[in-house]
Amino acid sequence: MRFWTRTIYMKFNAVDNFRRKTIQEWAEHALKKGVRAVSDGLSCFRGIEDAGCQHTAIITGGGHASMENELFTWVNTMLGNVKTAITGTYHKLDPKHLGRYLSEFNYRFNRRFDMPSMISRLGRAAVNTAPMPDRLLKLPDVQWKPG
């Protein structure tokens, strides 16, 4: 069964833990009801079903052999790209800014097919955004916390 051929859009958010309830709350916030999600079978991902989404768990067994599963090729590629982009851009990673790092990567990745428009969008945002304190600049695009 083939679910996709490549990743078109992605959504990354930092979560506090990998508990079923936390993943359910994240899915209710981040995913549309009925969306299809595929996971490696970690028990917390059953929270996706609890949020009203379709969930297919594929038990990989861990280790190197699990990375060869075709269904997770793009997931592994995306995780590698995120790690490389963040560590290649920032000299020091601060956990309190993780949401901002992920939001920035999401923005660039999801708009990669229309790169020229990013310049005009940035200009428009710069002109239309009022000055704000540093603490607000460091918030992720969508401040999500469970509960």
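Side notes on the structure shown:
- Residues in the stretch 33-61 that are surrounded by 16 or more Cβ atoms within 10 Å (Cβ to Cβ) and polar (S, T, N, Q): Ser39, Thr60.
- Evaluated against (1) farther than 16 Å from Gly99 by Cα; (2) modelled with pLDDT under 85; (3) among the charged types (D, E, K, R), Lys11 falls short on exactly one condition, (1).
- For the stretch 8-24, the count of residues that are open to solvent by 40 Å² or more (accessible area, probe 1.4 Å) and in a helix (DSSP H, G or I) is at least one.
- Scanning the stretch 76-118 for residues that are in a helix (DSSP H, G or I) and open to solvent by less than 60 Å² (accessible area, probe 1.4 Å) yields a count of 17.
- For first residues located in the stretch 83-110 and basic (Lys, Arg), partners that are open to solvent by less than 70 Å² (accessible area, probe 1.4 Å) and part of a helix (DSSP H, G or I) and lie 6+ apart or on another chain with Cβ distances below 9 Å form the pairs Arg108/Ala85; Arg108/Met118.
- So Glu49, is it modelled with pLDDT of 80 or more and in contact with a strand residue (DSSP E or B) (Cβ under 6 Å, 6 or more places away or on another chain): yes
- Residue within the stretch 60-69 that is in contact (Cβ under 8 Å) with a residue 12 or more places away in the chain and under 18 Å from the mean Cα position of the chain (by Cα) present: no
- Assessment of the stretch 122-137 against the conditions (under 17 Å from Lys11 (Cβ atoms) and either loosely packed, with under 13 Cβ neighbours inside 10 Å or at pLDDT 85 or above (or both)) yields no matching residue.
- Within the stretch 64-75, the set of residues being assigned to a loop (DSSP other than H, G, I, E, B) and open to solvent by 70 Å² or more (accessible area, probe 1.4 Å) comprises Glu68 only.
- Hey, Ala30 open to solvent by less than 60 Å² (accessible area, probe 1.4 Å), of a type in the set (A, V, I, L, M, F, W, C), within 30 Å of Leu139 (Cβ to Cβ) and in contact (Cβ under 8 Å) with a residue 12 or more places away in the chain or not: yes
- The single condition among (1) polar (S, T, N, Q); (2) within 29 Å of Leu139 (Cβ to Cβ); (3) in contact with a helix residue (DSSP H, G or I) (Cβ under 8 Å, 6 or more places away or on another chain) that Asn106 does not meet is (3).
The values are calculated or read from the model by the stated rules, or taken from the named source; none is laboratory data. Treat the numbers as computed from the prediction; the structure is a model and nothing was measured. Neighbour counts run over all protein chains shown; Cβ positions are idealised from the backbone, glycine included. The protein model used for the area step is the full one, side chains on, heavy atoms only, and it has no ligands, DNA or RNA in it. Shrake-Rupley method; radii C 1.70, N 1.55, O 1.52, S 1.80 Å.
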